[in-house]
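Only one structure is covered here, and it is reproduced in the block below.
All of the numbers you see were taken from the coordinates with simple rules; none came from a lab. Since we're looking at a predicted model, the values are computed, not measured. Glycine gets a Cβ as well: all are built from the backbone with ideal geometry, and neighbour counts include every protein chain shown.
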Amino acid sequence: MNTNLSLRLEAIAKMVPPSRGLADIGSDHCLLPLSLANREDIAFLQAIDNKQGPYQNMVKAVKEAHMENRISLSLSNGLDCLDEKVDTIVLAGMGGKLIADILTRGKRNLTHIEYILLDAHRDLRYVREFVLGLGYAIIDENLIKEKDLFYSIILFKKGETPILNEEDLLFGPFIRRKRGKDYIDFLLQNKKRIAKILQGDISLNNRRYYDYLLNAINKELSA
């Protein structure tokens, strides 16, 4: 089904594993579930949003696509109304700390969740460490560049959690291993951004933090 996906959403869709049921949290226009509707290896689809406007967008989009019998819609918060058939959840297009908050509040519903697919737009180190702490391991990552912005797509699977070093937490173990051109561009873009921040008037704690990040980036670039 052609849903005119952005490069970011297309990358997320390609990383969705076969599933008994998938829920897209914060689905808005339901673009991701609609793009997956013809996949026979995903038995059930649920789109969730907690705001009336986005929920109505989902209702309209699903109705126009004649997918009312394929995609279940829910006006609810986070994982509160997660269908029992769901074993894969997607949280995309939000900050890492918001993702962690949603997972914390819905922790009781994670018992049957096998996969967590994330697209956190900030606080990546934080969210990697947080989800690892829930008993999941990173099994794949991709770094996507779209309109000069970079997005880290991370797939977790429930199971034994390996110990990651600091560089893996910061930049992603699979992203580092793949080390494509986009990764080098990502490092260079952040090096330039941080160098500019360090030229400004910032607190001592912030200066130490950005010095630390800059050193980590320089180490990666020289690896």
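Based on alpha carbons, the Rg and Dmax found for segment 3-103 are 12.4, 35 Å.
In this simple spin-label approximation, residue 182 and residue 165 carry label points 7 Å from Cα along the Cα→Cβ vector, and these lie 2.5 nm apart.
Each of residue 80 and residue 206 was given a label point 7 Å from its Cα along the Cα-to-Cβ line. The distance between the two points is 3.6 nm. Computed on segment 50-143, the Cα convex hull volume stands at 118 Å³ per residue.
Take every Cα pair under 8 Å whose residues are at least 6 apart in sequence, average their separation, divide by the length of segment 1-107, and the relative contact order is 30 percent.
Ranking 95, 187, 120 by how far each Cα lies toward the positive end of the dipole of the chain (charges on Cβ) leaves 187 at the top. Counted by Cβ distance under 10 Å from residue 186, the other residues give a net charge of 0, where Lys and Arg count +1 and Asp and Glu count -1. Other residues whose C-beta falls under 12 angstrom from the C-beta of residue 9 contribute a net charge of -3, scoring Lys and Arg +1 and Asp and Glu -1. Near residue 53, once Lys and Arg are set to +1 and Asp and Glu to -1 for all other residues with Cβ below 15 Å from its Cβ, the sum equals 0. In order along segment 41-54, the phi-based Karplus estimate (6.51 cos²θ - 1.76 cosθ + 1.60, θ = phi - 60°) of 3J(HN,Hα) comes to 8, 10, 6, 8, 10, 10, 10, 10, 8, 9, 10, 4, x, x Hz; Gly and Pro are listed as x. Cross-linked pairs 107/147; 14/219; 158/191; 145/191: Cα-Cα separations exceed 26 Å for 107/147; 14/219; 158/191.
D by Stokes-Einstein for segment 179-223, Kirkwood Rh over Cα pairs, 4 °C, 1.567 mPa s: 119 µm²/s. Given the alternatives (i) 1, 6, 11, 14, 12, 10, 9, 8, 7, 6, 6, 5, 4, 2, 0, 0; (ii) 1, 7, 15, 19, 19, 15, 8, 5, 3, 3, 2, 2, 1, 0; (iii) 1, 7, 14, 18, 18, 15, 11, 8, 5, 2, 1, 0, P(r) over Cα pairs in 5 Å bins from 0, in percent as computed for this entry is given by (iii).
How would you rank 28-38, 211-221, 96-106, highest first, on the average number of other Cβ atoms within 10 Å across their residues?
28-38, 96-106, 211-221
Computed from the C-beta positions of residue 43 and residue 4, the FRET efficiency with R₀ = 22 Å rounds to 0.30.
Reducing segment 163-223 and segment 1-62 to their Cα centroids gives an inter-centroid distance of 32 Å.
Couplings 3J(HN,Hα) of segment 208-222, computed from phi: 5, 4, 6, 4, 4, 5, 5, 5, 5, 5, 4, 5, 5, 5, 8 Hz, in residue order, whole Hz [Karplus 6.51 cos²θ - 1.76 cosθ + 1.60, θ = phi - 60°; x for Gly and Pro].
Structure remark: mean-square fluctuation, Gaussian network model of the chain, C-alpha springs under 10 Å; the largest value among 208, 20, 70 belongs to 208. In order along segment 163-178, the phi-based Karplus estimate (6.51 cos²θ - 1.76 cosθ + 1.60, θ = phi - 60°) of 3J(HN,Hα) comes to 7, 9, 7, 4, 5, 5, 5, 6, 10, x, x, 7, 4, 5, 5, 6 Hz; Gly and Pro are listed as x.
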